[in-house]
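Trainee: Provided herewith is a single structure, encoded as structure tokens, for subsequent inquiry.
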Amino acid sequence: MDETFHLTPLDVRRYDFGHKLRGYDPERVEQFRTQVADELERMSRQTQELDAKAKAFHEQLRAFRERDKALNDALVSAQQLRGEIREQSEREAQLILREARGEAEKYLEGSRNEIRHLQAHIAELERARRNYLAQLRVMAERQLADIIAAEQVPAPAVPALPAGVLAASPASGPVSSNGATAPSEARVAQTARVGQG
């Protein structure tokens, strides 16, 4: 049997079972074929929807990573700025101390206030970063759990075909012109007796 064989809803709807004397009920065969085609169409739509959701989740994750990188860059820049400001403040304070102690103390106090403000701002940025990462982790885990749950949902069971509807084994009887194996007379008679009972 060809393992690469793929069956589409259109294949099921267009398949010709052929006609044979004392064969299967054409109306029931057509009804079953319609049910199989409808189920294949439903499963195909469901697969497309899951693929679209997975792609959207990957795009969201990429956007979150870019935002996290931007936040880290901003934090590093703020830390560098704090160091530069501190060094500049100390140099200016020493220069002012040589000129006048009173003026230097006043300026130094302003510089210390600015440093405290920057430290508070950096601490706030750090808290915001941690909160953002926590929210990102929760969202990513939730989306990953949704994907895993969707993958684990079993597909609806397709009713088993009656024996002989698909390709029968060569020992079942003679082969018809379209390649399908015809049921033997003894099996047809036995099926008829079961139907009458």
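The values are calculated or read from the model by the stated rules, or taken from the named source; none is laboratory data. Remember, it's a predicted structure, so these values are computed and weren't measured experimentally. Using ideal geometry, Cβ is built from the backbone for each residue, glycine included, and neighbour counts are taken over all protein chains shown.
Trainee: So, residue 49, is that one under 30 Å from residue 8 (Cα atoms), at pLDDT 90 or above and exposed (fewer than 14 other Cβ atoms within 10 Å of the Cβ) or not?
Mentor: Considered against the rule, which asks whether it is under 30 Å from residue 8 (Cα atoms), at pLDDT 90 or above and exposed (fewer than 14 other Cβ atoms within 10 Å of the Cβ), residue 49 comes out as yes.
Trainee: Considering each of 145, 150 in turn, give the residue that is within 47 Å of the chain's Cα centre (by Cα), among the small types (Gly, Ala, Ser), surrounded by 11 or more Cβ atoms within 10 Å (Cβ to Cβ) and modelled with pLDDT of 85 or more.
Mentor: 150
Trainee: Give the residue that is nearest to residue 131 (Cα to Cα), with candidates limited to residues of the stretch 52-79 that are surrounded by 14 or more Cβ atoms within 10 Å (Cβ to Cβ) and of a type in the set (A, V, I, L, M).
Mentor: Across the stretch 52-79, the extreme among qualifying residues is 71.
Trainee: So, one more: Taking residue 46, is it under 30 Å from residue 144 (Cα atoms) and either of a type outside the set (Phe, Trp, Tyr) or not assigned by TED's automatic domain parsing to the domain that holds residue 122 (or both)?
Mentor: Spelling it out, residue 46 is indeed under 30 Å from residue 144 (Cα atoms) and either of a type outside the set (Phe, Trp, Tyr) or not assigned by TED's automatic domain parsing to the domain that holds residue 122 (or both).
Trainee: Is there any pair linking a residue in the stretch 66-94 that is of a type in the set (A, V, I, L, M) to one that is surrounded by 10 or more Cβ atoms within 10 Å (Cβ to Cβ), with Cβ under 6 Å and at least six apart or on different chains, and which?
Mentor: Note: pairs meeting the criteria are 71/129; 75/125; 78/122; 93/104; 93/108.
Trainee: Here is a follow-up. Identify all residues within the stretch 105-142 that are polar (S, T, N, Q), within 30 Å of residue 90 (Cβ to Cβ) and either in contact with an Asp or Glu (Cβ under 9 Å, 6 or more places away or on another chain) or surrounded by 11 or more Cβ atoms within 10 Å (Cβ to Cβ) (or both); write none if there are none.
Mentor: 111, 119
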